[in-house]
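Chemist: Sending over a structure as structure tokens; questions will come in a sec.
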Amino acid sequence: DSNLGLYTEQKELIKKETIELLKKVYLEQDENKKLDLLNKAAQLNPQIATIFIQKAKCEVLLDKIEEAKTSMKKAARIIPDNALEIHELVFLSYDVNDKDFAESQIKRLQLDDVNVMNCILASSAYEFFGNNQQAAKVQEIMSMTHFGNSRLMFYQEQYSEVAQKCSSPEEGDFQYLW
């Protein structure tokens, strides 16, 4: 893992009291109480990324969208480029409808045929926010040209052309026929 240093540093920085608070968060059923615990943890350990990711998730569930965006930005400042936690931030950006934040996080990922999960995430995020041409570029990196083209045609409502692209089921193109 190219970001092993992050995890080592986070482990060294986290305080015992914070760990106990996070255990309580895990067991707590009430989202408001979870958020209170996470706020305490953030005060104790403002440099621990997972706290802010968990806070953002909780804030989304409580429909506190602006607070969630703030927590996401705090987490992003802690997380180094190409770290797996960036994926969580991109997924959270769907919930808060923040295209700019999603794209800023995607730019922090290595998009190549070695980092396929990053490419899949980037492709999905670009599609989610309606940037289909950028999604097609990322799909091309993964040698999924037919897939990218068929999706772009589908979103452009060129349905009759989509069927011609559906040649291999592993590309996922058949979903559009259904």
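The values are calculated or read from the model by the stated rules, or taken from the named source; none is laboratory data. All of these numbers come straight from a predicted model, not from anything done at the bench. Backbone-built Cβ (ideal geometry, glycine too); neighbour counts: all protein chains shown. Accessible surface is based on the protein model in full, side chains and every heavy atom, while ligands, DNA and RNA are left aside. Shrake-Rupley method; radii C 1.70, N 1.55, O 1.52, S 1.80 Å.
Chemist: Give me the one-decimal Kirkwood hydrodynamic radius in Å for segment 23-97, with the sum taken over alpha-carbon pairs.
Modeler: Result for segment 23-97 stands at 12.2 Å.
Chemist: If you take the square roots of the eigenvalues of the alpha-carbon gyration tensor of segment 71-140 and sort them as a ≥ b ≥ c, do you get rounded (a/c under 1.5), prolate (a/b over b/c) or oblate?
Modeler: Because a/c hits 1.5 or more and a/b fails to exceed b/c, segment 71-140 counts as oblate.
Chemist: Per-residue counts of other Cβ atoms within 10 Å, averaged by peptide: what ranking do you get for 105-112, 50-57, highest first?
Modeler: Packing order, densest peptide first, comes out as 50-57, 105-112.
Chemist: Right, next: Using only Cα atoms, what is the ratio of the radius of gyration of segment 1-133 to 2.2 N^0.38 Å?
Modeler: 1.08
Chemist: Using only C-alpha atoms and all pairs of different ones, pull out the Kirkwood radius for segment 1-46 in Å with one decimal.
Modeler: In segment 1-46 this quantity evaluates to 11.4 Å.
Chemist: Quick one: ranking S124, S160 by accessible area, 1.4 Å probe, largest first, what do you get?
Modeler: From most accessible down to least: S160, S124.
Chemist: Mind checking which lysines have their C-alpha under 29 Å from K23, skipping anything on the same chain fewer than 8 residues away?
Modeler: By straight Cα distance, K23 reaches K11, K15, K33, K34, K40, K55, K57, K64, K69, K73, K74.
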